[in-house]
Amino acid sequence: MSDPVFFADIDENIKRIRFNIEEAKVKYGRENDEITAMAVTKTVTPQRINFAAMQGFTLLGENRVQEFLQKKEFYVKNAEIQFIGHLQSNKIKYIIDSVTMIQSVDSVSLAKEISKLAVKHGKTMDILCEVNIGGEESKSGFSPDALNESLCEISQLDGVRICGLMTIPPPVCGNVCFERMQRIFEDIRSDKICGDEFRVLSMGMSADYADAIGFGSTMVRIGSALFGARNYGTSI
Ligand SMILES: *Cc1c(COP(=O)(O)O)cnc(C)c1O
């Protein structure tokens with residue numbers, strides 16, 4: 001890895017994102033809440049990712065196992081990695097020891113596979129359950145109707161800890177989906193279905209993270225607003 005480079009575009013984007021988050025916190029009366037901003041790294045070079053990490057965006061969100069495996073050795077040591085992409089069960093083994101959370105658990109069977117492998121590795125994996133809040137056929141995730149039952153089943157498994165919910169609503173759904181998610185998240189929390197660890201609502205991306213903060217999001221996942229438009233040709 002070559003020496004650190006200053007990326008003026010990312011530097012400016014970080015300032016804007018921090019400002020927007022602070023502004024949203026004030027606007028929505030959430031000044032005392034901690035909102036985590038994750039850097040979503042797909043297609044971005046390790047050098048640019050490391051610059052963001054050195055400016056404080058140390059939490060990285062990875063979508064693709066293959067791309068992550070190619071890039072991870074170049075990451076700065078203080079980076080923390082969470083997986084946010086669709087995960088096939090035969091690939092869990094490649095990430096289980098290098099991520100601190102899997103946000104994209106979209107079925108009970110995937111949770112069971114993670115559980116098995118985590119137990120084998122002598123660890124407990126933090127997970128979020130992905131909710132298909134827009135009911136889109138093309139998207140993975142639990143339907144809101146099936147969620148409580150699935151959470152109960154998953155919460156019985158060894159080696160996994162359900163820390164909250166993640167969602168990628170369709171853009172057209174906007175605040176309607178955010179509000180639905182907030183209600184689902186709060187209901188689960190007050191029913192104590194998943195215990196005290198259930199506290200993460202991962203919701204909001206580049207186009208709508210400020211809005212998501214208005215609906216209780218505790219983690220926003222930001223890609224293009226941080227790194228610029230994605231270029232699928234140059235991931236390394
Ligand atoms: C790509 C991606 C993001 C970030 O998208 P942007 O609109 O570029 O901020 C967030 N979450 C997931 C799961 C993603 O795949």
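The values are calculated or read from the model by the stated rules, or taken from the named source; none is laboratory data. Here the structure is a predicted model, which means the values were calculated and not measured. Cβ: placed from backbone, ideal geometry, glycine included. Neighbour counts: every protein chain shown. The accessibility values were calculated without ligands, DNA or RNA, using every heavy atom of the protein model including side chains. Shrake-Rupley method; radii C 1.70, N 1.55, O 1.52, S 1.80 Å.
Please enumerate, by chain and number, the aspartates and glutamates with C-alpha under 13 Å from the C-alpha of residue 72, excluding those fewer than 8 residues away in the same chain. Cα-Cα hits under 13 Å: 62, 80, 97.
For the chain, the square roots of the Cα gyration tensor eigenvalues, ordered a ≥ b ≥ c, give a/c of at least 1.5 with a/b no greater than b/c, which places it in the oblate category.
Accessible area per residue (1.4 Å probe, heavy atoms of protein chains only) ranks 152, 173 as 152, 173, with the largest value leading.
Here is the short version for the chain: 129, 152, 163, 194 have no other Cys C-beta closer than 4.7 Å.
In the complete set of protein chains, residue-level accessible area for residue 186 is approximately 70 Å², probe 1.4 angstrom.
Distance between the pseudo-spin-label points of residue 31 and residue 116 (7 Å out from Cα toward the beta carbon): 5.2 nm. Per residue, the range 182-236 exposes 47 Å² of solvent-accessible protein surface, assessed with a 1.4 angstrom probe and all protein chains in place. Measuring nothing but protein heavy atoms, the accessible surface of the range 24-178 at 1.4 Å probe radius is 47 percent carbon and sulfur. Positive contributions from Lys and Arg (+1) and negative ones from Asp and Glu (-1), summed over other residues with Cβ under 9 Å from the Cβ of residue 81, come out at -1. All other residues whose Cβ lies under 15 angstrom from that of residue 107 are scored, Lys and Arg at +1 and Asp and Glu at -1, for a net of -2.
Neighbours of residue 15, meaning other residues whose beta-carbon lies under 15 angstrom from its beta-carbon, give a summed charge of -3 when Lys and Arg score +1 and Asp and Glu score -1. Within the range 181-236, the chymotrypsin sites (Phe, Trp or Tyr not before Pro) that combine a DSSP coil assignment with at most 12 other C-beta atoms in a 10 angstrom radius are 232. Loop-located trypsin sites (Lys or Arg not before Pro) in the range 181-235 (DSSP state other than H, G, I, E, B) with a sparse environment of at most 15 neighbouring Cβ atoms within 10 Å: 192, 199, 230. Looking at the range 1-74, the accessible area is 53 square angstrom per residue; that uses a 1.4 Å probe and ignores ligands, DNA and RNA.
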